[in-house]
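Here's the structure, in structure tokens; my notes come after.
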Amino acid sequence: AKANGKACHEIFAPTMYLSALKELHLESDLRQAIQRQELVVYYQPIVFLKTQQIIGAEALVRWQPPGKSLIPPNDFIPLAEETGLIINLDRWVLQCACQQLYEWQQDFQGLAPHFISVNLSPKQFFDPRLKDIIIEIVGKTGLDKKYLKLEITETVFLKNSHTVLNLLYQLQQLNIQICLDDFGTGYSSLSYLHRFPLNSLKIDRGFINDLGQTNQNDAIVRIVGTLAQELQLELIAEGIEESYQIEALTTLGYQWGQGYYFSPPIDAQAFSLLLEKNTFH
Ligand code: C2E
Ligand code: CA
Ligand code: CA
Ligand code: CA
């Protein structure tokens, strides 16, 4: 099976994307990078903490200019957001990620990740056709939509919240899951948790980083754990780098985690090797 990032590039030439790009009239390195197919999707495992088995994967984009080192997303996502290129970038990542999980399901059956998480810029929510666009993209890959998780951040709630609410409901009706990323940072208002349809929370890695250092920090981590339980939201801890953090988190009732301790984001081929072992012991 096609198991590396390039495999995705070959299938990625939907006319929808090309015509949208032409409309932009933007001259930037990033635009060229997208056209020259210099973007690569990496995957980071999300694991069940008790067994350290892979239960999911998050798709994270990188920029690979030929002959140069990999450029991390924080160096170009802001530009992509500013120029609007993020719209097509996210859609391309979505297609790659869904196609990749579909391939893993063929190759690894039950040992494939149970879901694929894809980050969605708040900008996507300005487009009322979001639902149809996602249906079209995921449909092309053959993946059942129930395996897709979309990661959003609280900033989407600052936009026209009626439209956002509508779009989120439409997505959930398709059995797509919605995960609130970076929970606990920024404007965090608890009211979002019941006003918007969510399936999962991802507590920001800052809290995981500070575990065991202050009572205040640990209290927040504990309370978020209780909150997720009471609201019946799945809970993911990101940024796990040390084994003591796993112990602390499982004691606090956390089940799922992600972080360098298990694996950094890696390309699809390296991820396939992990799936062959499917454990970090
Ligand atoms: P994020 O969505 O919060 O993704 C998690 C980031 O934490 C990733 O950085 C990941 O590599 C990093 N990380 C994971 N485990 C650890 C750990 O144990 N310690 C530390 N210090 N960091 C860890 P990355 O891949 O550099 O991505 C940065 C951000 O760029 C993402 O943050 C996300 O906001 C954005 N991004 C990445 N790919 C996409 C994309 O396809 N679309 C959009 N809209 N945004 C993306
Ligand atoms: Ca994320
Ligand atoms: Ca995050
Ligand atoms: Ca983030």
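The values are calculated or read from the model by the stated rules, or taken from the named source; none is laboratory data. Every value quoted in this text rests on a predicted model; they were computed, and no experiment measured them. When we count neighbours, we look across all protein chains shown, and the Cβ atoms used for this are built from the backbone with ideal geometry, even at glycine. Only protein heavy atoms, including side chains, enter the accessible area calculation; ligands, DNA and RNA are left aside. Shrake-Rupley method; radii C 1.70, N 1.55, O 1.52, S 1.80 Å.
In table form, for the structure just shown:
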read-out	value
Cβ charges +1 (Lys, Arg) and -1 (Asp, Glu), total dipole of region 102-188, debye	260 debye
Computed FRET value (nearest 0.05) for Tyr192 with Phe108, which takes r as the C-beta separation and R₀ as 35 Å	0.50
Paramagnetic label zone (point 7 Å from Cα along Cα-to-C-beta, Ile220; backbone N under 16 Å) in region 176-192	181-191
Angle in degrees between helix 15-24 and the longest Cα principal axis of the chain, rounded to the nearest 10	90 degrees
MRE, 222 nm, helices only [DSSP H, n ≥ 4, -39500 (n - 2.57), over the chain, to nearest 500]	-13000 deg cm²/dmol
Crossing angle, helix 215-230 versus the chain [Cα axis fit, 0-90 degrees, rounded to tens]	70 degrees
Charge dipole (debye, nearest 20) of the chain; +1 at Cβ of Lys and Arg, -1 at Cβ of Asp and Glu	600 debye
Antiparallel content of DSSP bridges confined to the chain, in %, to 5	40 percent
Residue-by-residue Karplus 3J(HN,Hα) for region 43-55, coefficients 6.51, -1.76, 1.60, Hz, glycine and proline x	10, 10, x, 10, 10, 7, 4, 5, 10, 6, 8, 6, 10
Ranked packing of 220-228, 92-100, 254-262, most packed first, by mean Cβ within 10 Å	92-100, 254-262, 220-228
Interchain or long-range residues, amide H under 5 Å from Ile55's placed H	Ile46, Val47, Phe48
Thr250 paired with Ala270, simple spin-label distance in nm, labels 7 Å along Cα-to-beta-carbon	2.6 nm
Estimated vicinal HN-Hα couplings, Hz - region 137-142 in sequence order (Karplus 6.51, -1.76, 1.60; Gly, Pro = x)	5, 5, x, 4, 8, x
Global geometry of region 135-218, whether rounded, prolate or oblate, following the gyration tensor of its Cα atoms and the 1.5 cut on a/c	oblate
Extension reserve of the Asn175-Lys140 stretch, reckoned as 0.36 nm per residue once the Cα distance is removed	10.9 nm
Label zone at Glu81, where the point sits 7 Å out along the Cα-to-Cβ direction: region 155-183 residues whose backbone N lies under 11 Å	155-156
Cα gyration tensor shape for region 50-91, rounded if a/c is under 1.5, else prolate or oblate	oblate
Residue-normalised accessible area of region 126-281, expressed per residue, 1.4 Å probe, Å²	49 Å²
